[in-house]
Amino acid sequence: MEALEIIESGMLMQLQDLGRYGVAEHGLSQGGAMDLHAFCWGNLLLNNDPNAAQIEITLGQVSFNVLTDCTIALTGADMQAKVDGRKIMPWQTVRLLRGQVLQLGYARQGLRAYLAIDGGFCVKESLGSVSTVARNHLGGLDGTGQSLKEGQRLSKYGGNNVYHFQAVPARYIPNYAEKLTVSIIESYQAEWFSPQQKQQFYQSEYQVSQHSDRMGYRLVGEKILPNKATLISQPIAKGAVQFPAAGEPIILLNDRQTLGGYPILGCITQRDLSLVSQLKPGDSIQFSPLSPELFELELQKWFTFCRFFNVFNCGNEKKER
């Protein structure tokens, strides 16, 4: 059934799920929600399938006509959402009635918000996912990688017609205004960086460049030049921190290319990547190395996260709708 009609589409608004896996060998990106923490809470609040499609809203300034009674949840960056001019709170369920107007302003803290709807948005999958990846011309409403536009109507699966209020406990709601220091698991070509170069990198503060997107965040700051500058192209993991010839690092993200030929110091932990995805151009970030002892602890936290949100098997065991 048709649920929402887009009035304003803002800077960037895309349909995303957990991503498109098993396609890297064809040169295709995984895509998927940039802030996994916020995305997973949205579906959990509505008792949706963990992989149910949501709308990822970058920066804000969007609005929708409500075409049928439904329940939504907004997570991620607070964009001062209103229904018919009345402010509503993020990180909790909200009942919408046919004929109402949902509006989101600009993000004051953070960059990306997620709009989940009970039952999930009804979208045809492309190669096992609805995730929009513009560079691959895949996913989205028509399967061609296009962002959502004004005038488009989005349908939803049945969902639950009985409204239940649910909210995320305050201790699980991130503060995107906090200064961000993320952990790095050293790997790839870490031995190409001298102890002095690593110390210089970890003691430096970097700013997110204007030339950043879903493929990667370019950082501005101290230049690091490893002992070797290029290598044979290698597969690139999400969160890899690579150093091109200019010496300023790039964090590679969901829509990254699958291969790259620049030295990589290591990868940012999966949990920290959700916070990284909420950085705006000009925001600061620092890095710290993850010790072997803390790596084991971090691994356990990641497994706990996946079990809690059931994101291990969701790609193969989708609920019948």
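The values are calculated or read from the model by the stated rules, or taken from the named source; none is laboratory data. As the structure is a prediction and not an experimental result, all values here were calculated from the model. Here the Cβ is made from the backbone with ideal geometry for all residues, glycine too, and neighbour counts use every protein chain on show. Each accessible area value is taken on the protein alone, full model and side chains, heavy atoms only, with ligands, DNA and RNA left out. Shrake-Rupley method; radii C 1.70, N 1.55, O 1.52, S 1.80 Å.
Given R₀ = 25 Å, FRET efficiency for L259-L225 by Cβ-Cβ distance, to 0.05?
Efficiency computed from Cβ-Cβ geometry: 0.70.
Give me the angle, in degrees from 0 to 90, between the Cα long axis of helix 292-309 and the longest principal axis of the Cα atoms of the chain, rounded to the nearest 10.
10
Applying 1/(1 + (r/R0)^6) with R0 = 30 Å to the Cβ-Cβ distance of A190 and M11, what FRET efficiency is obtained, to the nearest 0.05?
Efficiency, rounded to the nearest 0.05: 0.25.
Binning at 10 angstrom from zero up to the longest distance, how are the C-alpha pair distances of region 2-172 distributed in percent?
The percentages, shortest bin first, are 11, 43, 36, 9, 1.
Two decimals is fine: what's Rg over Rh for the chain, C-alpha atoms, Kirkwood radius as Rh?
0.98
In percent, how large is the relative contact order of the chain, given Cα pairs closer than 8 Å and 6 or more residues apart?
RCO, the chain: 20 percent.
Starting at the first residue of region 43-48, write each ³J(HN,Hα) from the Karplus equation 6.51 cos²θ - 1.76 cosθ + 1.60 with θ = phi - 60°, in whole Hz, x for Gly and Pro.
Going residue by residue, I get 6, 5, 4, 9, 6, 7 Hz, with x marking Gly and Pro.
Would you please give the FRET efficiency between S291 and Q109, computed as 1/(1 + (r/R0)^6) with r the Cβ-Cβ distance and R0 = 30 Å, to the nearest 0.05?
0.50
For region 216-321, which GluC sites (Glu not before Pro) pass both filters: DSSP loop (anything but H, G, I, E, B) and at most 15 other C-beta atoms within 10 Å?
When the GluC sites (Glu not before Pro) of region 216-321 are filtered for loop state and at most 15 Cβ neighbours within 10 Å, E222, E317, E320 remain.
Ranked highest first by average number of other Cβ atoms within 10 Å, how do 139-147, 71-79 line up?
For the peptides 139-147, 71-79, the packing ranking is 71-79, 139-147.
Would you mind listing how long region 180-309 runs along its three principal axes, going by Cα atoms, in whole Å with the largest first?
For region 180-309, the Cα spread along each principal axis is 41, 31, 29 Å.
Which links in K179/K238; K82/K179; K238/K301; K198/K223; K87/K156; K124/K149 stretch past 20 Å when you go from one Cα to the other?
K179/K238; K82/K179; K87/K156
Using modelled amide H (1.01 Å from N, peptide plane; none on Pro or chain starts), what sits under 5 Å from the amide H of G10, excluding residues fewer than 5 places away?
Long-range HN contacts for G10: none found.
About the Cα centre of the chain, what is the dipole size in debye to 20, counting +1 per Lys and Arg Cβ and -1 per Asp and Glu Cβ, all else neutral?
Result for the chain is approximately 340 debye, rounded to the nearest 20.
Just going by the charge dipole of the chain, with Lys and Arg at +1 and Asp and Glu at -1 on Cβ, which of P263, G128, V101 is farthest out on the positive end?
Farthest along the dipole direction, towards plus: V101.
Could you order the peptides 300-310, 277-287, 110-120 from most to least packed, using the average number of other C-beta atoms within 10 Å per residue?
So the order, starting with the most tightly packed, is 110-120, 277-287, 300-310.
What is the percent carbon and sulfur in the accessible area of the chain, measuring with a 1.4 Å probe over the protein chains and ignoring ligands?
That fraction is 51 percent.
Calculate, for region 2-172, the solvent-accessible area per residue in square angstrom, rolling a 1.4 angstrom probe over the heavy atoms of the protein chains.
Value returned for region 2-172: 40 Å² of accessible area per residue.
Under unit Cβ charges (Lys, Arg +1; Asp, Glu -1), what dipole magnitude, rounded to 20 debye, does region 180-309 have relative to its Cα centre?
Dipole of region 180-309, to the nearest 20 debye: 280 debye.
Which Cα, out of L290, I251, Q166, lies furthest along the positive dipole direction of region 164-303 (beta carbon charges, K/R +1, D/E -1)?
Comparing the listed Cα positions along the dipole, Q166 ranks first.
Kirkwood Rh over Cα pairs of region 155-235 into Stokes-Einstein at 25 °C, 0.890 mPa s: D in µm²/s?
139
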